[in-house]
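Q: Below you will find the structure I want to go over with you.
The values are calculated or read from the model by the stated rules, or taken from the named source; none is laboratory data. Keep in mind it's a predicted model, so treat the numbers as computed, not measured. Virtual Cβ from ideal backbone geometry, glycine too; neighbours counted across all protein chains shown.
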Ligand code: DX5
Ligand code: ZN
């Protein structure tokens, strides 16, 4: 049976106590940390860069899932991998030769992910599915935490899952944006393997029990399917 993994999005953490926030994630036994990199061009917001990735790398041995919401991911892939990324995800819609960027990421010994904005059709990712370890389906328009989950993306998650089963592909499906207990249930039932959650975890009074609640929702959805 599929196992669903939880990836807290550090964007929603309190950066004044970053070390404690990372510790909270470890104590809650999450599988990885999700780091959102925004350049103010690909998305209308700026977050943080490689130095913060390096800092987090020093704080934990958890895998770092780095989501590049930047216009020229090929230019910065090496920097983020050298800063400690274990998975580097680039957007299909950014300005680059997607195939070459995915090759570059693998050649540097890192796992490669491909992200799709909510309105980007699954079909556009098909040429790259042999080359990726992870397909990230955005369930909000990228740029900001705390937005509302877009249920219209569920159909794309189902297509991605069915395609992998039918064609024996091994990419994992990650969902990102507006995940809470209810939407975790919906996304898992549709085929998600990795749940990225920012606001719902870091703004919860009890981080650990919130992680458990998401896991529980995911297991129920899997059992029902
Ligand atoms: C959105 C980011 C997400 C976001 C998730 O651009 O890619 O990772 O931080 O945060 P929540 O869970 O608050 O939607
Ligand atoms: Zn993200």
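Q: From the set of residues in the range 177-225 that are part of a loop (DSSP other than H, G, I, E, B), within 16 Å of ligand 2 (Cβ to nearest atom) and in contact (Cβ under 8 Å) with a residue 60 or more places away in the chain, which is nearest to residue 141 (Cα to Cα)?
A: Here the answer is 198.
Q: Moving to a separate point now. Out of 165, 136, 114, 154, report the one residue that is buried (at least 19 other Cβ atoms within 10 Å of the Cβ), outside any loop (DSSP other than H, G, I, E, B), more than 14 Å from ligand 2 (Cβ to nearest atom) and at pLDDT 95 or above.
A: 154
Q: Can you give me the number of residues within the range 182-215 that are over 13 Å from the mean Cα position of the chain (by Cα) and either modelled with pLDDT under 95 or closer than 19 Å to residue 24 by Cα (or both)?
A: Residues that pass the stated criteria total 17.
Q: If I filter the range 1-47 down to residues being within 21 Å of residue 117 (Cβ to Cβ) and without any contact (Cβ under 8 Å) to a residue 24 or more places away in the chain, which single residue comes out as nearest to the chain's Cα centre (by Cα)?
A: Once the filter is applied, the top-ranked residue is 46.
Q: Could you tell me which of the residues 8, 44 is surrounded by fewer than 20 Cβ atoms within 10 Å (Cβ to Cβ), outside any helix (DSSP H, G or I), modelled with pLDDT of 95 or more and within 12 Å of ligand 1 (Cβ to nearest atom)?
A: 44
Q: Give the residue, chosen from 119, 92, 64, that is within 16 Å of ligand 1 (Cβ to nearest atom), within 25 Å of residue 197 (Cβ to Cβ) and under 13 Å from the mean Cα position of the chain (by Cα).
A: 64
Q: Condition check: out of contact with any helix residue (DSSP H, G or I) (no Cβ under 6 Å at 6 or more places or on another chain) and surrounded by fewer than 22 Cβ atoms within 10 Å (Cβ to Cβ). Does residue 130 satisfy that?
A: Taking the combined requirement at face value, the residue satisfies it.
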